[in-house]
Amino acid sequence: MLLFGCGSTDKGKEPASPPAAHIQADKEDESQTPYYDGLVEEYKALLAQDPNNLAVIIALGNAYYNSSRWKEAVTYYGRALKIDPRNSDVRADMATAYRNTGMSDRALDEYRKALEYDPGNQNARYNLGIVYAYDKRNYEAAILVWESLLRLSPNHPQSDRMKACIITFKKVIKEKQ
């Protein structure tokens with residue numbers, strides 16, 4: 001069995017891409033999932049009263065993100081970044097939303113900016129590797145990113161997956177030589 005495409009490879013075949021939603025956090029049981037449409041309406045009402053409320057703008061972006069409404073999430077994350085451009089968590093979430101709309105180059109740019117502002121942002125670093133590996137098929141770059149993350153956080157929640165991918169990608173690179 002493959003760990004999102006990195007457990008093993010057949011000779012000559014590249015690892016399978018994970019689903020786009022892979023870089024989202026694991027979903028909770030549906031009975032505990034918030035009613036995002038209700039949250040969206042509530043946040044919009046709050047913004048009508050206070051249009052520059054950064055916390056509400058981010059919360060609205062998160063509600064769109066968590067309901068897989070990527071374009072709307074990007075809109076509100078962009079609005080939040082106009083107020084606080086150095087917010088690496090918002091920037092990383094916006095990058096993931098871009099990735100999920102098929103804009104992997106834009107995602108890479110935003111993950112890199114997030115890391116410029118906060119080199120310790122593990123979410124941005126992990127997902128940067130995902131985009132390099134699965135969208136760009138740049139296994140060398142993915143390996144470098146994930147090895148740096150593993151040095152920063154050897155017990156990262158995805159450490160086993162990253163290690164398996166690194167091994168697989170090194171095999172793929174070697175086979176191509």
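Read-outs: derived from the displayed coordinates by stated rules, not from any lab. Keep in mind the model is a prediction, meaning the values are calculated, not measured.
So what's the gap between the Cα centers of the range 135-152 and the range 44-58, to the nearest angstrom?
When both Cα centres are located, 37 Å separates them.
Along its principal axes, what span do the Cα atoms of the range 85-176 show, with the longest given first and each in whole Å?
42, 29, 18
Using θ = phi - 60° and the Karplus relation 6.51 cos²θ - 1.76 cosθ + 1.60, list the HN-Hα couplings for the range 114-119 in order, rounded to whole Hz, with x at every Gly or Pro.
These are the phi-based 3J(HN,Hα) values: 4, 6, 5, 6, 8, x Hz.
Taking each pair of different alpha-carbon atoms in the range 40-117 once, compute 1/r for the pair, average those values, and report the inverse of that mean as the Kirkwood hydrodynamic radius in Å to one decimal.
12.2 Å
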